[in-house]
Amino acid sequence: MFEKKEKVLKISPNLERAKSLLKASKKTLRFADSHKLDKENCGEIFKSYYESLVQILHASSYEKGFKILDHITFSEYLKEVLLSRESSLLFDKYRKIRNSLVYYGENIPLEFSKNSIKEIKKIIKFVESKLLK
């Protein structure tokens, strides 16, 4: 069961924190959307979309009574709690790419970034559709 995972704490649902994180996710998304994607900034913009996704995943998990302690576990959350294997696989793919940008200073091509951002936005919409609101 998901709540028995090592990097998951079962907590009381925290709707106020979920609302706050949803608001932060939307703000981060607006920031990312406000920049024209180009060869020079595509990694930074990609990271902003990823951050928006993580924020909405935190919102969802707090709403459902989970505190998730690492990004890897969000893949499992998507698969086991929100019931989307596809989103889980994509999130894990983008988690690794984000880590290569942040921790290893790697770059990603512009076209790859464009396609990745489209998929991240779809995951964000999926997670948002699962929120109570």
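The values are calculated or read from the model by the stated rules, or taken from the named source; none is laboratory data. Quick caveat: nothing in here was measured; it's all calculated off a predicted structure. Counting neighbours? That spans all protein chains shown, and the Cβs are built from the backbone with ideal geometry, glycine included.
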Among Ser52, Ser48, Ser61, which is the only one that is part of a helix (DSSP H, G or I), among the polar types (S, T, N, Q) and touching a residue at least 60 places away in the same chain (Cβ under 8 Å)? Ser52
Pair list, Cβ under 8 Å, 6 or more apart: the stretch 71-83 residue closer than 13 Å to Lys96 by Cα and in contact (Cβ under 8 Å) with a residue 40 or more places away in the chain, other residue in a helix (DSSP H, G or I) and of a type outside the set (A, V, I, L, M, F, W, C): Ile72/Asp92; Ile72/Arg95
Candidate set: the stretch 11-34, residues that are touching an Asp or Glu at 6+ places or on another chain (Cβ under 8 Å) and of a type outside the set (A, V, I, L, M, F, W, C); chosen: the one farthest from Tyr77 (Cα to Cα): Thr28
Residue among Phe31, Phe74 that alone is under 15 Å from Ile120 (Cβ atoms), surrounded by 21 or more Cβ atoms within 10 Å (Cβ to Cβ) and either modelled with pLDDT under 95 or not small (Gly, Ala, Ser) (or both): Phe74
Does Lys121 satisfy the criteria of being without any contact (Cβ under 8 Å) to a residue 12 or more places away in the chain and charged (D, E, K, R)? no
Of all residues in the stretch 84-129, which are surrounded by fewer than 15 Cβ atoms within 10 Å (Cβ to Cβ) and not in a helix (DSSP H, G or I)? Gly105, Glu106, Asn107, Pro109
